[in-house]
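Read through the structure below, which is laid out as structure tokens, and then see the notes.
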Amino acid sequence: MDFDEYREHDATGLAQLVASGQVSAAELLTVARERAAAVNPRLNAIVRDVPATPSDDLTGPFAGVPFLIKDLGQDYAGLPTSNGSRSLRSFPVAEHSTVVRRWLDAGLVIFGKTNLPEFGAKAISESEVWGPARNPWNLDHTPGGSSGGSAAAVAAGIVPCAGANDGGGSTRIPAACCGLVGLKPGRGLTPFGPGTAEMMHGAAVQGVVSRTVRDTAAMLDVICGGEPYGPYSPAMPGASYASCVNEEPGTLRIGVRVPSAINPDPHPEARAAVDGAIKVLTSLGHEVEELPEAPFDDAALAHDFLLTWFVNLAWKVGDAQRQTGAPDIAFERDTLLMAALGRATSSVDYVDAVQRRHEHTRRLSTFFESYDLLLTPSLATPPPKIGAFELPVNLQRATDVLLKTRTARFLRGTRIVDDMIRDNLGWVPYTQLANLTGRPAISVPLHWTADGLPLGVQFVAPLAGESLLIKLAAQLEQAQPWGDRVAPL
């Protein structure tokens, strides 16, 4: 099999070829590795090799299909999980994550780990330890984050789908940047064990980025479900998610919101992405209505998201130091600054922000009493250029002084948090809602900009709405196919 033939198939299709004996797992791995060798030096999507020698007796729904996992939250026994940090780059883990074990049990051949920002803390994938991952559609631009390496690898054709996870948009943002499907399941549906019960009070979930809806659905079937050491046993659907791909979603009432409190005037391409989605949705018979205001307090939600994110990042830095003895110099400047802000947050303020998630959830639930889905752009701007979010040199120096003197905590009372919301979430203000409320959401690639960059649209569903999202995404995929688009590497 050559690359052109390999690229014609998604993971489901490749698995069918292996099952019928038309190609072997070893042949597929050879093609995937050759493609990686050809393009990864430019993309920097894969940052660690995983030894893989596929046998002929692999079993499972994806037996023999090459696969990549993210170097965060997806541990592979005997290898480090760097989390994009120098502090953990050489610190091996003892056991597979539950989600990795489920992928292996499904027959997937894991041969590498993918790039990300340090601790997954940004919507771009530009860590100091690995260097920036690049977007296959334009190497000057980011593939998004934090699952940016996985998205770049899939868009470049190295693998048809790859491991991702999502604590604030980290599956949907890179999917939108790279022209892929990115589903964030609802809270608790996918496992984060055995090392932890759940991340960020359940806001973070496991998943994949893929080229096709049927791969996304079948992969969710593979990884969903509780685990013995998990916090609870999630309710499972009556039928498989894969079966939903061939089912009609019915006539849906969809509310649309484009402006946000963080970015009241999104880029015209974001508006164009939603307008295009409205056009195809209307042609399919759905009822689409523009909302005069957001169905939740998006300014308060952004503040609550970043406050809890900073506190969790402070814990992550401390945990890495407890495990490895790493000094502060082993962490990036931005990470240390965010961690300092987290440590400066009182326990009462932190719990207050976590408790306010219920207010956001109630308001969104009220919206779903009248609408089936919420539609937004996935991004407020096209994918930014590499380096767009680097601090100016004068601010780098000032931050270094604050960190060295351990006075960065005093920034807590300044406008810096508001500035960080504007600067870091201004281009991605839509995705955090689904994480803090625990609702499922999906980004689908319905739009490419005039410059040839992808910019997806997002649908947010009520509780247990994964099946509905898959049905609608499959309908949109059939109406406006995207799988045959090839990044111009």
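This table checks each residue for (1) out of contact with any strand residue (DSSP E or B) (no Cβ under 8 Å at 6 or more places or on another chain); (2) farther than 17 Å from Leu433 by Cα; (3) in contact (Cβ under 8 Å) with a residue 12 or more places away in the chain.
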{"position": "Asp319", "(1), (2), (3)": "yes, yes, no"}
{"position": "Asp328", "(1), (2), (3)": "yes, yes, yes"}
{"position": "Arg333", "(1), (2), (3)": "yes, yes, yes"}
{"position": "Gly342", "(1), (2), (3)": "yes, yes, yes"}
{"position": "Ser346", "(1), (2), (3)": "yes, yes, no"}
{"position": "Tyr350", "(1), (2), (3)": "yes, yes, yes"}
{"position": "Arg363", "(1), (2), (3)": "yes, no, yes"}
{"position": "Thr366", "(1), (2), (3)": "yes, no, yes"}
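Name the pairs whose Cβ atoms lie under 8 Å apart, with the first residue in region 369-387 and free of Cβ contacts under 8 Å to residues at least 60 places away in the same chain, the second part of a strand (DSSP E or B) and not aromatic (Phe, Trp, Tyr), and 6 or more positions between them or separate chains?
Once the first residue is free of Cβ contacts under 8 Å to residues at least 60 places away in the same chain and sits in region 369-387, no partner that is part of a strand (DSSP E or B) and not aromatic (Phe, Trp, Tyr) comes close enough.
How about region 213-261: which of its residues are in contact with a strand residue (DSSP E or B) (Cβ under 8 Å, 6 or more places away or on another chain), surrounded by fewer than 15 Cβ atoms within 10 Å (Cβ to Cβ) and in contact (Cβ under 8 Å) with a residue 40 or more places away in the chain?
Once the filter is applied, which keeps residues that are in contact with a strand residue (DSSP E or B) (Cβ under 8 Å, 6 or more places away or on another chain), surrounded by fewer than 15 Cβ atoms within 10 Å (Cβ to Cβ) and in contact (Cβ under 8 Å) with a residue 40 or more places away in the chain, region 213-261 yields only Arg253.
Please determine, by comparing only the residues of region 411-431 that are in a helix (DSSP H, G or I) and among the hydrophobic types (A, V, I, L, M, F, W, C), which one is modelled with the highest pLDDT.
Applying the first criterion (in a helix (DSSP H, G or I)) to region 411-431 yields 411-413, 416-425.
Now drop any that are not among the hydrophobic types (A, V, I, L, M, F, W, C), which leaves 411, 416-417, 420-421, 425.
Values: Leu411: 72, Ile416: 67, Val417: 64, Met420: 70, Ile421: 71, Leu425: 91.
It comes out as Leu425.
Would region 392-408 turn up any residue that is in contact (Cβ under 8 Å) with a residue 60 or more places away in the chain and under 25 Å from the mean Cα position of the chain (by Cα)?
The answer is no, given that none of the residues of region 392-408 is in contact (Cβ under 8 Å) with a residue 60 or more places away in the chain and under 25 Å from the mean Cα position of the chain (by Cα).
Taking Gln478 and the conditions (1) buried (at least 23 other Cβ atoms within 10 Å of the Cβ); (2) not in a loop (DSSP other than H, G, I, E, B), which numbered condition does it fall short on, given that it satisfies the others?
Failing condition for Gln478: (1).
Among the listed residues Val274, Val311, Val288, which satisfies the condition of being on the phi < 0 side of the Ramachandran plot, part of a helix (DSSP H, G or I) and in contact (Cβ under 8 Å) with a residue 40 or more places away in the chain? Explain how you work it out, then say what you get.
Numbers: Val311 fails: in contact (Cβ under 8 Å) with a residue 40 or more places away in the chain; Val288 fails: part of a helix (DSSP H, G or I).
None of the others qualify; the one that does is Val274.
Sort out which residues of region 328-379 are closer than 30 Å to Lys404 by Cβ, among the small types (Gly, Ala, Ser) and in a helix (DSSP H, G or I), and write them in order of number. Steps first, answer last, please.
Going residue by residue through region 328-379, those that are closer than 30 Å to Lys404 by Cβ are 328-350, 353.
Filter once more, so that each one left must be among the small types (Gly, Ala, Ser): 330, 339-340, 342, 344, 346-347, 353.
Once the filter is applied, which keeps residues that are closer than 30 Å to Lys404 by Cβ, among the small types (Gly, Ala, Ser) and in a helix (DSSP H, G or I), region 328-379 yields Ala330, Ala339, Ala340, Gly342, Ser347, Ala353.
The values are calculated or read from the model by the stated rules, or taken from the named source; none is laboratory data. All values reported here derive from a predicted model rather than from experimental measurement. Cβ sites come from the backbone with ideal geometry, for glycine too, and all protein chains shown count toward neighbours.
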